[in-house]
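One structure is given below, encoded as structure tokens.
The values are calculated or read from the model by the stated rules, or taken from the named source; none is laboratory data. Predicted model only: the values in this text are computed from it and were never measured. When we count neighbours, we look across all protein chains shown, and the Cβ atoms used for this are built from the backbone with ideal geometry, even at glycine. Just the protein is used for accessible areas: all its heavy atoms, side chains included, with ligands, DNA and RNA removed. Shrake-Rupley method; radii C 1.70, N 1.55, O 1.52, S 1.80 Å.
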Amino acid sequence: MKLFTDSSCDLSKAYFSEHDVILFPLRVQLNGEEYDDILAIESQQVYDAIAQGAQPKTSQVSPELFLTHFEQLAKNEEEGLYIAFSSELSGTYSTAMMIRNQVLESYPELKLTIIDSKCASLGQGLLVKEAVRLRDSGKTVTEVATAIRDMASNMEHLFTVDDLDYLAKGGRVSKASAFLGGLLSIKPILNVEDGKLVPIEKVRGHKKSITHMVNLMEQRGGDFSNKIVGISHSNDPAFLAEMQAAIEARLSPKGFDTTVIGAVIGSHVGLGTVGIFFTNKNYVAK
């Protein structure tokens, strides 16, 4: 079984080779140059540029890259599973489906399942890690796909950002919502609903934003004693550490998985963002 994902999962570059996962990089345009995410640009380059006033842009995975890998999968008579970035945040999933259908015309025996994860950042990354675990335990493609769809539908995303203007400029939230970012000491809190980023709260002050997010985690996640909590941050390790300590003190999860938000998603959320990812109380691990 071949496992594929794209760079919006915010896993480390080393992870893909160490766990035999094929990476489809989205692309970042910065200062007149275009880079393959993870492979040719690091998130720190994007954050340094943003701090200097740059507004990076992003684009989806190259259709030619999909075509090359999907045709090779068919020629090798292998099965494949691609866990894709939310279709509500990128055209990558739709392009992958289009190329899959194109390849099927020439190779009707192609065995490729594509999952619209409706997830982003480490929410998607946790799905990939679970897929690797299931694959390595001997599960079939069908079994892995069923488990990942279930996990994805129960994956919670909570974000707090310093400035919604970055998300509004990239079309990831409505411009009407972005006014929150301009209010003094207001920390907007967002979640993902059916794959879309939606502002849900406005909290005054840094400390209150942490408390409020942990409250939301407790409401949605229930018992965390057997859950891994993912936390990602955009160049703010101190904020991540503070958030992790608050979660540990209140919820005592089984463990944490932390990462830096990658170049593509970082281009849209800007500096000072922290995301939290966990399965909700309806999820039963396979």
Sequence of Arg204, Arg133 from largest to smallest accessible area, 1.4 Å probe: Arg204, Arg133
Given [x] 40; [y] 18; [z] 30, the label whose value is percent of Cα pairs over 34 Å apart derived from this model: [y]
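Are there trypsin sites (Lys or Arg not before Pro) in region 9-91 that DSSP marks as loop and that have at most 11 other Cβ atoms within 10 Å, and which are they? Show your work: numbers first, answer last.
Details: sites: Lys13, Arg27, Lys57, Lys75; in loops: none.
Filter output for region 9-91: empty list.
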Carbon and sulfur %, accessible surface of the chain computed with the full protein complex present, 1.4 Å: 48 percent
Dipole of the chain, positive direction: furthest Cα of Pro188, Gln72, Ile228, with charges on the beta-carbon: Pro188
Selected from Tyr15, Leu251, Ser62, residue furthest toward positive end of dipole (the chain; charges at beta carbon): Leu251
Charge dipole magnitude, Cβ of K and R +1, D and E -1 - region 79-162, Cα centre, debye nearest 20: 160 debye
Structure-based [θ]222 nm, the chain - -39500 (n - 2.57) summed over DSSP H runs of at least 4, per residue, nearest 500: -12500 deg cm²/dmol
Violating pairs (Cα-Cα greater than 19 angstrom) within the set Lys111/Lys139; Lys202/Lys281; Lys13/Lys254; Lys196/Lys254: Lys202/Lys281; Lys13/Lys254; Lys196/Lys254
Among beta bridges that DSSP assigns inside the chain, antiparallel share in %, nearest 5: 55 percent
Mean Cα-pair separation over length for region 1-144, i.e. relative contact order, pairs under 8 Å, 6 or more apart, %: 28 percent
Most positive-pole-ward Cα, Gly123, Leu158, Thr113, against dipole of region 104-163 from beta carbon charges: Thr113
Total charge dipole magnitude, the chain, about the Cα centre, Cβ charges on Lys, Arg, Asp, Glu only, Debye to nearest 20: 920 debye
Per residue solvent-accessible surface (Å²) - the chain, probe of 1.4 Å: 43 Å²
